[in-house]
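See below for the structure under consideration.
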């Protein structure tokens, strides 16, 4: 498996995964285009020339980073893809001077919360009704360093 930068030509390939994993709360192609246009750092995990996961990071000056979106194809979950993507995002955040990294994760997504906790993220708040249209709350998690 290789972790490489997400480019515009990868967007169409990530959309089916986005739809499968996030349903009505999925990101559109335009949202991904916007992320790239704004200079955010996005990665794809590629195995046998297929995209099996993706993740993004946005910097908030002067020293804060946000994990924007992270997904692993269902048949590749719990196989190290998410860990590899998260490790690369955190390394990039460090290279860019982040002292704090934050993310939002659905309160009912316990496997993802465990992954983040294993990298030092701790719960710091709740955003009520954050995910729409399901009105699902988001757990805000923070990692220092």
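Place a point 7 Å from Cα of residue 83 in the direction of its Cβ. Which residues in region 2-18 have their backbone N less than 16 Å from it? Zone members listed by number: 2-3.
Provide the FRET efficiency to the nearest 0.05 for the residue 28-residue 2 pair, computing r from the beta carbons and using R0 = 30 Å. Computed FRET efficiency for residue 28 and residue 2 comes out at 0.70. In nm, give the distance between the simple-model label positions of residue 63 and residue 15, each being 7 Å from the Cα along the Cα-to-Cβ direction. Those two pseudo-labels are separated by 4.1 nm.
Please report the relative contact order for the chain, taking Cα pairs under 8 Å with a sequence separation of at least 6, and give it as a percent rounded to a whole number. Relative contact order for the chain comes out at 19 percent.
Give me log10 I(q)/I(0) at q = 0.10, 0.15, 0.18, 0.20 Å⁻¹ for the chain, Debye formula, one equal scatterer per alpha-carbon, no solvent. Evaluating at q = 0.10, 0.15, 0.18, 0.20 Å⁻¹ gives log10 I(q)/I(0) of -0.31, -0.74, -1.12, -1.41.
Bear in mind these aren't lab numbers, they're just calculated from the coordinates by the rules spelled out. Keep in mind that this is a model prediction, so the values were computed, not measured. Glycine also receives a Cβ, built like all others from the backbone with ideal geometry; neighbour counts cover every protein chain displayed.
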